[in-house]
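For reference, the structure discussed in these notes is given below.
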Amino acid sequence: MLLIAMISAALAFDHSAFDQVLRQHVNRRGDVNYAAIQSSGALDGYLSSLSTASEPTARAEKMAFWINAYNALTVDLIADNYPLGSIRDLDGGDPWNARTFPVAGRQITLNDIEHKILRPMGDARIHAAVNCASRGCPPLAMHAFTAAGLNGQLDRASAHWATRNGVRIDEAQNTVTLNQIFDWYGEDFVGVYTGDIPNVDDKQEAAINFVAQYLPEQANYLKTGEYAVSYHSYSWKLNAQ
């Protein structure tokens, strides 16, 4: 078993080139220096390697591979077309379906990656990890995801999202405003993030339970349900530095 593990580790896809780009060109807010990436062609080698890679079969490695692929393809798409105000300025507003990219020996869309590969893997935290180059998205991580560190990385991404733009809590006004992702993909959280919260529907309850675990100082208030819940408008403004 040890020999098999060593061989598997040796054959694992190397995301270090993407990791270096993120560490150099993404700040703590998740904003991206697209101009620097555009001028340097920093992602060219990594994307070339992705195109001919063998798709991992082990769950953690597969999830890390496709999260990184989604984020790298999105960053490169924006860098190639920079400057622009929003990703929705491209392809009639729908680059997620209009464009295909070569990954692991096939042509694939961004929506294929998110909805046909990542979401069916059954971990709602992927919504905190994939980034659509917009202010409304959870912040882009400053590192590539890895199989070995995946669980901790997904938790940290979720915590960053919760504290940044996953939820807005106004106890004085008794309002809780959730990121619209929880409305669009709320079914991914239902049944996983449980705990009875009065006066909210199933999707809202799951979303509030999700964010509450990363907001210990406000968790008790969130559990009361004694507030009005809504979803805030999604910002498609580019997440550029």
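If you check Ala36, Ala42 for being at pLDDT below 95, in contact with a helix residue (DSSP H, G or I) (Cβ under 8 Å, 6 or more places away or on another chain) and closer than 15 Å to Ala79 by Cβ, only one passes: Ala42. Restricting attention to the range 194-232, the residues being farther than 16 Å from Pro138 by Cβ and either in a loop (DSSP other than H, G, I, E, B) or among the basic types (Lys, Arg) (or both) number 16.
Candidates Phe13, Phe18: the one that is in contact (Cβ under 8 Å) with a residue 60 or more places away in the chain, surrounded by 14 or more Cβ atoms within 10 Å (Cβ to Cβ) and within 23 Å of Asn111 (Cα to Cα) is Phe18.
Quick check, is Ala17 modelled with pLDDT of 95 or more and in contact with a Phe, Trp or Tyr (Cβ under 8 Å, 6 or more places away or on another chain)?
In short, yes.
Selection of the range 169-180 for residues being more than 15 Å from Tyr214 (Cβ to Cβ) and under 15 Å from the mean Cα position of the chain (by Cα) yields only Gln180.
Residue under question is Leu154, and the condition is that it be in contact with a Phe, Trp or Tyr (Cβ under 6 Å, 6 or more places away or on another chain) and in a helix (DSSP H, G or I); does it hold? Let's see the steps before the verdict.
Numbers: in contact with a Phe, Trp or Tyr (Cβ under 6 Å, 6 or more places away or on another chain): no; in a helix (DSSP H, G or I): yes.
Considered against the rule, which asks whether it is in contact with a Phe, Trp or Tyr (Cβ under 6 Å, 6 or more places away or on another chain) and in a helix (DSSP H, G or I), Leu154 comes out as no.
May I ask you to say which residue of Asn71, Asn27 is within 17 Å of Cys132 (Cα to Cα), open to solvent by 10 Å² or more (accessible area, probe 1.4 Å) and either within 16 Å of the chain's Cα centre (by Cα) or at pLDDT 95 or above (or both)?
Asn27
Quick check on this structure: which one of Ser54, Ser48 is open to solvent by 10 Å² or more (accessible area, probe 1.4 Å), of a type in the set (S, T, N, Q) and part of a loop (DSSP other than H, G, I, E, B)? Residue meeting the stated conditions: Ser54. Filtered by the rule that a residue be part of a helix (DSSP H, G or I), open to solvent by 10 Å² or more (accessible area, probe 1.4 Å) and either at pLDDT below 95 or within 20 Å of Lys62 (Cβ to Cβ) (or both), the range 75-123 gives Asn111, Asp112, Glu114, His115, Lys116, Ile117, Arg119, Pro120, Met121. Note on the range 215-241: residues that are touching a Gly at 6+ places or on another chain (Cβ under 9 Å) and open to solvent by 40 Å² or more (accessible area, probe 1.4 Å) total 5. Given the structure, is Cys132 open to solvent by 10 Å² or more (accessible area, probe 1.4 Å) and closer than 27 Å to Thr109 by Cα? The answer is yes for Cys132.
The values are calculated or read from the model by the stated rules, or taken from the named source; none is laboratory data. Keep in mind it's a predicted model, so treat the numbers as computed, not measured. Positions of Cβ are generated from backbone atoms using ideal geometry, with glycine treated the same way; all protein chains shown enter the neighbour counts. Protein only, heavy atoms only, side chains kept; ligands, DNA and RNA dropped before computing areas. Shrake-Rupley method; radii C 1.70, N 1.55, O 1.52, S 1.80 Å.
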